[in-house]
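In what follows, a single structure is set out as structure tokens and then discussed.
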Amino acid sequence: MMDGILDWLKGLFGDSAQEAVDTLQGTAQEQGQQVTEEAQGYAEQAQDAAGGLGDQAQDAYGEAAGGLQDQAQEYTDQAQSAGESVQDVAQDPTAAAEDAFRNGTEGER
């Protein structure tokens with residue numbers, strides 16, 4: 001049916017009708033291609049932004065976890081040191097008292 005209409009328009013206006021139709025079709029195709037390219041560009045920008053946010057979240061999590069691990073290690077070291085002191089006192093209370101007395105008097109000099 002469309003071909004019949006185009007043929008009828010050609011009969012009325014000659015080849016200029018076909019040229020007008022071709023121009024309109026070309027323009028429509030160009031516009032469609034441009035819109036598609038713009039949409040792809042926006043989609044890529046959105047993906048980049050989402051990836052950047054994911055990286056930032058992962059970095060923040062890593063820093064927080066690292067800080068907690070450092071604190072846990074510090075507490076473990078302190079507990080171990082305190083445990084060793086208690087063990088020294090339990091094994092030889094007299095020597096521990098003498099060491100404490102010596103350390104206290106040496107600090108006063």
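The values are calculated or read from the model by the stated rules, or taken from the named source; none is laboratory data. Computed from a predicted structure; not experimentally measured. Reconstructed Cβ throughout: ideal geometry from the backbone, glycine too, with neighbour counts over all protein chains shown. Heads up: the accessible areas ignore ligands, DNA and RNA and are worked out on the full protein's heavy atoms, side chains in. Shrake-Rupley method; radii C 1.70, N 1.55, O 1.52, S 1.80 Å.
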query = Against the longest principal axis of the chain, how steep is helix 93-108, in degrees 0 to 90 to the nearest 10, with axes from Cα atoms?
reply = 80
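Okay, helix-only estimate at 222 nm for the chain: each DSSP H run of n ≥ 4 adds -39500 (n - 2.57), divide by all residues, round to 500 deg cm²/dmol; what do you get?
Working: 3 runs with 105 residues, N = 109.
Dividing the helical sum by the residues of the chain leaves -35500 deg cm²/dmol.
Across the stretch 35-75, how large is the tail of the calculated P(r) beyond 15 Å, expressed as a percent of all Cα pairs?
Numbers: 496 of 820 pairs.
Distances greater than 15 Å cover 60 percent of the Cα pairs.
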note = In degrees, nearest 10, the alpha-carbon axis of helix 15-91 is tilted away from the dominant principal axis of the alpha carbons of the chain by 10
request  = Quick one: grab the alpha carbon gyration tensor of the stretch 54-109, order the square roots of its eigenvalues as a ≥ b ≥ c, and give me rounded if a/c is under 1.5, else prolate or oblate depending on whether a/b is larger than b/c.
outcome  = oblate
message = Taking the Cα centre as origin and putting +1 on Lys and Arg beta-carbons and -1 on Asp and Glu beta-carbons, what dipole magnitude results for the stretch 19-84, to the nearest 20 debye?
response = 200
ask   = How far is helix 2-13 tilted off the main Cα axis of the chain, in degrees rounded to 10, range 0 to 90?
value = 50
task = Note down the accessible area of GLU63, probe 1.4 Å, to the nearest 10 Å².
result = 140
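Might you tell me the accessible area per residue for the chain, computed with a 1.4 Å probe and given in Å²?
85
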key: Translational diffusion coefficient (Stokes-Einstein; Kirkwood radius from C-alpha pairs) of the chain at 20 °C, 1.002 mPa s, in µm²/s   = 94
message = Charges on Cβ only, +1 for Lys and Arg, -1 for Asp and Glu, centred on the Cα centroid of the chain; of ALA49, GLN34, PRO93, which one is farthest towards the dipole's positive end?
response = GLN34
task = Among GLU98, GLU38, GLU84, determine the one that fluctuates most according to a GNM of the chain built with springs between C-alpha atoms less than 10 Å apart.
result = GLU98
